[in-house]
């Protein structure tokens, strides 16, 4: 007939910890110091463990505890358990400090090609145990990914409030004009919508956030907004402007990602403020890894000089 486990002793993990330390330490004083408890607590713990397992683990003589043969057998059995526990403790510490784990980032192109790579470089240099999933998408996709938990953090140029995700400001700046260096406009301290009226213009799509912002600035100045070419992304607009297809107005992150030869950057007026923001999921506390990346993001942004 099979025996039931109900006859097995109920052994305390804390008492086993005291036992393991006592097997390693030459005296109860040393074991107590290592465990940050009193010497009587060590002696009491050993007696309790012996009572639980029904085995004499130490011979007591001249105020010393000498392990018995049974103690050495038990020690060899449980030593791997405490090696594993120490490994778990180290892993837990590394997770808490953001030294290991996987970080999922999604960004719109302006920050995805400028600030984010700087922050990622710092993160991965300091924490080689971290892996990263990184993607560049449109704003609505970034918001959806953060809201659903598919991304831990989102980065975007966003002007409006968002009800579905947490929004933290990273940096405020303003739109800039990119004009040919040989143009008279390049000699001006700033370029206005009126200055660009009548010029060949590479514009942003009218239904995009930044496109609407630039169009409102032209309306405010009483200037016509008539792009010869419309594009969705500011990097595309800068590239086309470099190929002499027209002047353009873009966000400063896109303008500074890879400065285009032959173009000069000037502040655009009327001022169009743009905000770089970080998006995180509502109701979910930041992990140590996310907190570390946010710190790196702010440091990376401070390294970039904007108008």
Residue check, residue 103 modelled with pLDDT of 70 or more and closer than 17 Å to residue 24 by Cα: no
Residue within segment 196-209 that is in contact with a strand residue (DSSP E or B) (Cβ under 6 Å, 6 or more places away or on another chain), touching a residue at least 40 places away in the same chain (Cβ under 8 Å) and surrounded by fewer than 21 Cβ atoms within 10 Å (Cβ to Cβ) present: yes
Some residue of segment 251-258 being over 27 Å from the mean Cα position of the chain (by Cα) and farther than 15 Å from residue 195 by Cβ: no
Residue match in segment 107-121 (condition: crowded, with 20+ Cβ neighbours inside 10 Å, farther than 22 Å from residue 232 by Cα and assigned by TED's automatic domain parsing to the domain that holds residue 284): yes
Single match in 264, 250, 260, 304 (criterion: at pLDDT 95 or above and touching a strand residue (DSSP E or B) at 6+ places or on another chain (Cβ under 9 Å)): 250
Segment 277-299: number of residues that are in contact with a helix residue (DSSP H, G or I) (Cβ under 6 Å, 6 or more places away or on another chain) and either modelled with pLDDT of 90 or more or not assigned by TED's automatic domain parsing to the domain that holds residue 131 (or both): 5
All positions within segment 234-254 that are part of a helix (DSSP H, G or I) and either touching a residue at least 60 places away in the same chain (Cβ under 8 Å) or surrounded by fewer than 24 Cβ atoms within 10 Å (Cβ to Cβ) (or both): 234, 235, 236, 238, 239, 240, 241, 242, 252, 253, 254
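The values are calculated or read from the model by the stated rules, or taken from the named source; none is laboratory data. None of these values were measured; they are calculated from a predicted model. With ideal geometry, Cβ positions are generated from the backbone for all residues, glycine too; neighbour counts draw on all protein chains shown.
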